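Below is one structure, written out as structure tokens, with a few remarks after it.
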Amino acid sequence: MQHSVKMAAVDLDFYYGRFKALESINLEIPERRVTALIGPSGCGKSTFLRCLNRMNDLIAGTRTEGAVLLDGVKVNVPSLDVVELRRKVGMVFQKPNPFPKTIFENVAYGLRVGGVTDRNYISSQVEKSLVAAGLFTEVKDRLHDSALGLSGGQQQRLCIARAVALEPEVLLMDEPASALDPIATQKIEELIAELKRNYTIAIVTHSMQQAARVSDLTAFFYMGKLVEVGPTEAIFTRPANQQTEDYVTGRFG
């Protein structure tokens, strides 16, 4: 089954001041697939992820050259509504970052900010999102308790629910399980497998086992360059590039 390209980087360069953090990245992110970005610390994978929804715009002195495309439309242009882009391209961070509000209000937050006032719609969307994030049965009797009382793994699933409440097209995940214990990590991984039925997912992970378990495609970054990308199984069992092989077999990194 052919999957169309949901997002793509074309000849993408990215600078922090004078430092070139990404160099001529060409990468297609197919629809309703999980694309894992792997590579040693500081290789540019999180920077690349943040280019996709322009989170890097928040850092002074950064600039982007080349193109980031969403459904074929260039999104790294000054005229683009960044708020709208981030509604379509949601993000889940490394550390769970629930707001100091109730569980319900955490999920409803983006809808309210977006001007939604219909209570019934908000309620059904909150429930639907918590179900999608595999959290509803655990929290349904305490929706009006503080989200800060949840465990780390539950908080991260709440942040996923908060992201999907806006019905984005793409979910970006920046090491979403690195702060979690193995059981919570497994739940997040199972959730990713569920979510890809409806969402296009790009995930940065420092765990090659995780990349192997959750992703369809794997992109290996090194020193700000995309060294190799391909079906995950091929990257891990018969990479074309020696650097990739050295990394996935644990010889460096």
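Asn97 passes every criterion in (1) surrounded by fewer than 19 Cβ atoms within 10 Å (Cβ to Cβ); (2) touching a Cys at 6+ places or on another chain (Cβ under 8 Å); (3) modelled with pLDDT of 95 or more apart from (3). Those residues that are small (Gly, Ala, Ser) and either surrounded by fewer than 21 Cβ atoms within 10 Å (Cβ to Cβ) or out of contact with any strand residue (DSSP E or B) (no Cβ under 7 Å at 6 or more places or on another chain) (or both), I need them from segment 159-172; list them, please. Ala161, Ala165, listed by residue number. The residue that is surrounded by the most Cβ atoms within 10 Å (Cβ to Cβ), among those in segment 8-62 that are without any contact (Cβ under 8 Å) to a residue 40 or more places away in the chain and assigned to a loop (DSSP other than H, G, I, E, B), is Arg54. Residues in segment 72-102 that are touching a helix residue (DSSP H, G or I) at 6+ places or on another chain (Cβ under 9 Å), under 19 Å from Leu195 (Cβ atoms) and not polar (S, T, N, Q): Arg86, Arg87, Val89, Gly90, Met91, Val92, Phe93, Pro96, Pro98. Total residues in segment 106-134 satisfying the condition of being of a type in the set (Asp, Glu) and either buried (at least 19 other Cβ atoms within 10 Å of the Cβ) or outside any helix (DSSP H, G or I) (or both): the figure is 1. Looking across Lys225, Lys196, one residue alone is surrounded by fewer than 21 Cβ atoms within 10 Å (Cβ to Cβ) and touching a Cys at 6+ places or on another chain (Cβ under 9 Å). It is Lys225. For segment 199-218, the count of residues that are in a loop (DSSP other than H, G, I, E, B), touching a residue at least 24 places away in the same chain (Cβ under 8 Å) and either over 13 Å from Leu37 (Cα atoms) or touching a Leu at 6+ places or on another chain (Cβ under 7 Å) (or both) is nonzero.
Under the condition of being acidic (Asp, Glu) and either under 24 Å from the mean Cα position of the chain (by Cα) or surrounded by 21 or more Cβ atoms within 10 Å (Cβ to Cβ) (or both), the residues counted in segment 139-158 number 0. For segment 146-170, a residue qualifies if it is of a type outside the set (D, E, K, R), within 21 Å of Tyr199 (Cα to Cα) and not in a helix (DSSP H, G or I), and the qualifying residues are Ala165, Leu166, Pro168, Val170.
Filter segment 183-192 for residues that are free of Cβ contacts under 8 Å to residues at least 60 places away in the same chain and of a type in the set (A, V, I, L, M, F, W, C); which is farthest from Glu167 (Cα to Cα)? Residue satisfying both the conditions and the ranking: Ile183. Of everything listed in (1) under 14 Å from Lys88 (Cα atoms); (2) of a type in the set (Lys, Arg); (3) surrounded by fewer than 21 Cβ atoms within 10 Å (Cβ to Cβ), the single unmet condition for Lys187 is (1).
The values are calculated or read from the model by the stated rules, or taken from the named source; none is laboratory data. Just so it is clear, the structure is predicted and the values come from calculations on it, not from any experiment. All Cβ positions, even for glycine, are placed from backbone atoms using ideal geometry, and neighbour counts span all protein chains on display.
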